[in-house]
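Q: Provided herewith is a single structure, encoded as structure tokens, for subsequent inquiry.
The values are calculated or read from the model by the stated rules, or taken from the named source; none is laboratory data. Note that the structure is predicted; figures quoted are calculated from it, not measured. Heads up, the Cβs are rebuilt from the backbone with ideal geometry, glycines too, and the neighbour counts pull from every protein chain shown.
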Amino acid sequence: MPQTIAAEKAVELAVVERSGFVESRHTGVAVVLDADGVVSERHGDVEGLILPRSSLKPLQALALLTAGADLAGEELGLSTASHTGTDRHVAVVRSILDRAGLDERSLGCPPAWPSDQPTRDAVVRAGGEPTRERMNCSGKHAAMLLTAVANGWDTATYLEPGHPLQSHIRQVIERLTGERVAATAVDGCGAPVYAVTLLGLARAVHRIGVSSERSPFALHRQAGTLVRTVREHPWTIEGPGRPDTVAIERLGVFAKTGAEGVLVMTGPGGTTVALKVLDGSSRAATAVALRLLERHGALPADDVAATLAALPLSVTGGGRDVGEIRPVV
């Protein structure tokens with residue numbers, strides 16, 4: 001049975017320090033590709049298999065574009081997102097569904113509360129309930145449905161691995177990673193998620209991140225449009241104050257976090273980081289990725305320091321800061 005990287009093939013990526021005492025350690029694997037896509041740094045078994053979870057969304061969104069989906073601007077951003085369920089996010093999801101001639105009932109993702117706390121409080125006060133539109137993957141699902149409608153494919157079965165939509169997505173993933181999919185699983189939102197190596201995922205995201213909208217090749221033009229769109233609309237990719245949105249807003253990176261400690265990030269010049277925290281926690285992932293990009297000259301040190309200060313990396317005790325979550329690679 002395929003499985004992810006073994007603990008003995010991982011390294012320490014970050015620690016949690018409280019009052020000068022290292023309380024917890026996050027082990028995992030990480031790889032850095034330079035602007036030309038050459039491996040310039042690796043930590044642990046980067047050729048081991050992972051499930052990319054939502055870090056796969058840029059590849060899935062690009063596949064939707066190549067399948068003829070009419071997505072641009074905020075709608076394209078939402079198709080790549082793990083959003084926090086704000087009213088602004090939901091409005092874009094509804095816009096995509098309206099253009100597909102569908103409504104929330106067609107979404108195959110499960111109902112969820114918004115993860116944005118003020119929005120959740122407002123929904124609760126209004127007597128609301130979890131909905132599919134509020135689920136963090138609803139933008140991807142709405143975009144998948146729009147693509148299915150555009151191609152005349154069945155919308156009721158769009159999440160089945162053998163559906164033409166999912167078959168096309170898998171083919172694009174294999175093309176971008178340069179690997180055959182090692183296993184197929186069901187993601188938290190109900191969509192197929194594919195096992196690839198961390199190195200393969202890094203190569204795929206690097207190819208997307210360095211693509212030009214002026215390329216003679218349609219796939220690269222569409223990838224360039226996808227990256228530009230996310231950078232222009234960083235609120236779509238996650239939400240106010242969230243790590244991906246903060247990093248994109250402040251540093252101009254292209255970033256996508258996935259569940260279970262996965263993260264991909266490409267700097268403005270093309271240097272790319274991919275990592276997987278083995279314990280499944282994402283709390284240190286953005287900090288590790290930013291430090292690795294800084295080390296390779298992809299981001300200015302002062303800008304990285306200011307961005308880290310804006311992320312939830314403080315350890316508190318008695319209502320005050322007494323430590324921090326910090327990278328050690």
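Q: Determine which member of the set S40, S106, S55 is surrounded by fewer than 24 Cβ atoms within 10 Å (Cβ to Cβ), closer than 21 Å to T272 by Cβ and touching a residue at least 40 places away in the same chain (Cβ under 8 Å).
A: Among S40, S106, S55, only S40 is surrounded by fewer than 24 Cβ atoms within 10 Å (Cβ to Cβ), closer than 21 Å to T272 by Cβ and touching a residue at least 40 places away in the same chain (Cβ under 8 Å).
Q: Collect the residues in segment 191-228 that are among the polar types (S, T, N, Q), within 29 Å of T4 (Cβ to Cβ) and outside any loop (DSSP other than H, G, I, E, B), keeping them in residue-number order.
A: Listed by number, the list holds a single entry, T197.
Q: If T147 satisfies all but one of (1) surrounded by 19 or more Cβ atoms within 10 Å (Cβ to Cβ); (2) without any contact (Cβ under 8 Å) to a residue 60 or more places away in the chain; (3) of a type in the set (V, I, T), what's the number of the condition it fails?
A: (2)
Q: Please indicate, with yes or no, whether at least one residue in segment 103-118 is under 30 Å from H220 (Cβ atoms), under 19 Å from the mean Cα position of the chain (by Cα) and among the acidic types (D, E).
A: no
Q: Further question: Out of G48, G73, report the one residue that is among the small types (G, A, S) and at positive phi.
A: Sole residue among the options that is among the small types (G, A, S) and at positive phi: G73.
Q: Another one. When segment 275-310 is examined, which residues are found to be free of Cβ contacts under 8 Å to residues at least 40 places away in the same chain, surrounded by fewer than 18 Cβ atoms within 10 Å (Cβ to Cβ) and closer than 14 Å to A247 by Cα?
A: P300, A301, D302, A305, A309
Q: Moving on. Considering only segment 109-125, state which residues are among the β-branched types (V, I, T) and either touching a strand residue (DSSP E or B) at 6+ places or on another chain (Cβ under 8 Å) or surrounded by fewer than 17 Cβ atoms within 10 Å (Cβ to Cβ) (or both).
A: V124, the sole residue that qualifies.
Q: Which of the following residues is surrounded by 24 or more Cβ atoms within 10 Å (Cβ to Cβ) and either farther than 25 Å from C109 by Cα or in contact with a helix residue (DSSP H, G or I) (Cβ under 6 Å, 6 or more places away or on another chain) (or both): A35, A69, A10?
A: The conditions single out A69.
Q: Here is a further query. Could you tell me whether any residue of segment 244-255 is in contact with a helix residue (DSSP H, G or I) (Cβ under 7 Å, 6 or more places away or on another chain), hydroxyl-bearing (S, T, Y) and more than 23 Å from R18 (Cβ to Cβ)?
A: Within segment 244-255 (the criterion being in contact with a helix residue (DSSP H, G or I) (Cβ under 7 Å, 6 or more places away or on another chain), hydroxyl-bearing (S, T, Y) and more than 23 Å from R18 (Cβ to Cβ)), the answer is yes, since at least one residue qualifies.
Q: What's the number of the only condition in (1) surrounded by 15 or more Cβ atoms within 10 Å (Cβ to Cβ); (2) out of contact with any Asp or Glu (no Cβ under 7 Å at 6 or more places or on another chain); (3) acidic (D, E) that E129 fails to meet?
A: Just one mismatch for E129, condition (1).
Q: Being modelled with pLDDT of 95 or more and under 21 Å from the mean Cα position of the chain (by Cα) is true for just one of A6, A14, A10. Which residue is that?
A: After ruling out the rest, the residue left standing is A14.
Q: For segment 245-274, name all the residues that are closer than 19 Å to S212 by Cα, out of contact with any Ser or Thr (no Cβ under 6 Å at 6 or more places or on another chain) and either touching a residue at least 24 places away in the same chain (Cβ under 8 Å) or surrounded by fewer than 20 Cβ atoms within 10 Å (Cβ to Cβ) (or both).
A: Once the filter is applied, which keeps residues that are closer than 19 Å to S212 by Cα, out of contact with any Ser or Thr (no Cβ under 6 Å at 6 or more places or on another chain) and either touching a residue at least 24 places away in the same chain (Cβ under 8 Å) or surrounded by fewer than 20 Cβ atoms within 10 Å (Cβ to Cβ) (or both), segment 245-274 yields G252, V253, A255, M265, G267, P268, G269, G270, T271.
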